[in-house]
Amino acid sequence: MNKYIEPKQISNITDHLNKKEFDEALIKIKELSIKFPNENKINKLFASTYFKKKDWLNAIRYSEKILLAEDEKNHDKIYTNIGVAYFNLGEIQESIVAFKNSIKKNSNFETAYNNLAISYIEIGMYQEACQSFLKVLNINKKNYFAQKNLIYLLNFVNPKNIKDHLILEINSKIKKLINNFSDSISN
């Protein structure tokens, strides 16, 4: 019996995944898990396959197993995947916890901030969503997704500090113009 997973075995699994043959990939992964029961690569394959299959509970289960591996370097991405899975299950509070854990691991991970903001929007926490999108824009000022969603949020939120971002300053000026225009019409 081999001590290591052969690249051919992984390639076979990824071929199934690329063809969206998730059940076939799972069969091959399960066979490998019997031969290599403590191999973290197996958990990664399970987590990835279940995530692609949109089997959120199993995706979370195997992602949490990956987190237990001491040598794992991508905890921020794993927590974000867990957050996405919880979000898709409708467990928004759990998704928020996962995204915050991701941010603790990598304070410059804009995907985690974006997803955190979307989770906040889902439960009506617009001020918090606004702050999360502002953090994204501090990391990457060209993030179109965050710009677009921040502008959308300004329909519901009056940010506390308009000096935080140019979009907030412009929005404030537009609101003042609209108010002045409305006042001039009513007089």
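Go through (1) modelled with pLDDT of 95 or more; (2) surrounded by fewer than 15 Cβ atoms within 10 Å (Cβ to Cβ) for residue 24 and report which single condition fails. Condition not satisfied by residue 24: (2). Taken over the stretch 12-21, the criterion of being assigned to a helix (DSSP H, G or I), surrounded by 12 or more Cβ atoms within 10 Å (Cβ to Cβ) and either free of Cβ contacts under 8 Å to residues at least 12 places away in the same chain or touching a strand residue (DSSP E or B) at 6+ places or on another chain (Cβ under 6 Å) (or both) is satisfied by 14, 15. Residue check: residue 93 meets all listed conditions (1) part of a helix (DSSP H, G or I); (2) surrounded by 14 or more Cβ atoms within 10 Å (Cβ to Cβ) but one, namely (2). Looking at the stretch 118-138, which of the residues that are of a type outside the set (Gly, Ala, Ser) and not in a helix (DSSP H, G or I) is surrounded by the fewest Cβ atoms within 10 Å (Cβ to Cβ)? Here the answer is 123.
Here is a yes/no grid of residues against (1) open to solvent by 60 Å² or more (accessible area, probe 1.4 Å); (2) under 30 Å from residue 14 (Cβ atoms); (3) assigned to a helix (DSSP H, G or I):
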{"position": "44", "(1), (2), (3)": "yes, yes, yes"}
{"position": "47", "(1), (2), (3)": "no, yes, yes"}
{"position": "60", "(1), (2), (3)": "no, yes, yes"}
{"position": "69", "(1), (2), (3)": "no, yes, no"}
{"position": "85", "(1), (2), (3)": "no, yes, yes"}
{"position": "147", "(1), (2), (3)": "no, no, yes"}
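Has the stretch 130-138 got any residue that is more than 18 Å from residue 169 (Cα to Cα) and of a type outside the set (Lys, Arg)?
no
Of 30, 73, 3, all but one fail to be within 22 Å of the chain's Cα centre (by Cα), open to solvent by 20 Å² or more (accessible area, probe 1.4 Å) and not acidic (Asp, Glu); the exception is 73. From the list 52, 77, 100, 104, the lone residue that is closer than 19 Å to residue 140 by Cβ and basic (Lys, Arg) is 77. Name the pairs: first residue in the stretch 153-178 and modelled with pLDDT of 70 or more, second residue among the aromatic types (Phe, Trp, Tyr) and open to solvent by 60 Å² or more (accessible area, probe 1.4 Å), Cβ to Cβ under 6 Å, at least 6 apart or on different chains? Qualifying pairs under 6 Å: 153/126; 156/126; 157/126.
The values are calculated or read from the model by the stated rules, or taken from the named source; none is laboratory data. Please read these numbers as outputs of a predicted model, since none were measured by experiment. So basically every Cβ, Gly included, is an ideal-geometry build from the backbone, and we count neighbours across all protein chains shown. Each accessible area value is taken on the protein alone, full model and side chains, heavy atoms only, with ligands, DNA and RNA left out. Shrake-Rupley method; radii C 1.70, N 1.55, O 1.52, S 1.80 Å.
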